[in-house]
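See below for the structure under consideration.
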Amino acid sequence: MMKSGARAGLVGVAVALAALAVWLAAAPPVWWLNLTRPPVTNPVAVGRALVAEQGCRDCHRVGGQGALVASNLAGVTARLDDAVLRLWLRSPRRAAGGPIAMPAFRLSDGEIVAIIEYLKALDTSE
Ligand code: HEC
């Protein structure tokens, strides 16, 4: 028979683990995304796929296609340096300095670099 103190301890650990699982699923921090997303081996192809999947073209024109709700991203890699581009993809709110329509995407660091490499490839091919 387990002592009630030990049982309470186990319940506490189970509750903490459940809370951790919910947190990682609902609002994954960057270190978790970096650990769990597949490594990026072909940045331009991965960036192209991410731009399509994440719906960037719902607002931006990218590679001549997409909406003009927000800026046309043609030439953006010449206008903004890598640190600023990374900030836009990590935290649009911080990049804009206030509330903004662009959502905060849940992207690993590798995925962010991949999107930037894709945008650079478009800018140099134009
Ligand atoms: C719901 C609309 C929306 C979506 C979806 C969206 N953005 Fe944005 N984005 C904005 C707005 C609004 C701004 C700030 C004003 C502007 O550039 O028009 C912005 C700014 C940016 C900037 C800075 C542009 C500049 O000219 O200074 C970059 C880069 C960018 N977004 C990339 C992306 C990428 C890549 C995606 C997809 C992963 C994406 N955005 C998805 C609305 C959106």
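Some notes on this structure:
- If you go through segment 31-48 and pick out every residue that is within 12 Å of Val113 (Cβ to Cβ) and not in a loop (DSSP other than H, G, I, E, B), you end up with 5.
- Hits in segment 38-67 - residues which are on the phi < 0 side of the Ramachandran plot, near the ligand (Cβ under 9 Å from one of its atoms) and surrounded by fewer than 17 Cβ atoms within 10 Å (Cβ to Cβ): Glu53, Gln54, Arg57, Asp58, Ala67
- Failed condition for Ala14, given (1) farther than 22 Å from Ala101 by Cβ; (2) in the same structural domain as Pro103 (by TED's automatic domain parsing); (3) exposed (fewer than 13 other Cβ atoms within 10 Å of the Cβ); (4) of a type in the set (A, V, I, L, M, F, W, C): (2)
- Close contacts from segment 56-76, counting a first residue that is more than 17 Å from Ile116 (Cβ to Cβ) and a second that is among the charged types (D, E, K, R) and more than 10 Å from the ligand (Cβ to nearest atom), with Cβ to Cβ under 6 Å and a gap of 6+ residues or different chains, come to Leu68/Arg61.
- When segment 73-94 is filtered for residues that are more than 7 Å from the ligand (Cβ to nearest atom) and of a type in the set (A, V, I, L, M), the ones remaining, listed by number, are Ala74, Ala78, Ala83, Val84, Leu87.
- Test: residue in segment 56-76 that is outside the structural domain of Trp23 (by TED's automatic domain parsing) and within 18 Å of Pro28 (Cα to Cα): no
The values are calculated or read from the model by the stated rules, or taken from the named source; none is laboratory data. Everything quoted here is computed from the prediction, not taken from an experiment. Cβ: placed from backbone, ideal geometry, glycine included. Neighbour counts: every protein chain shown.
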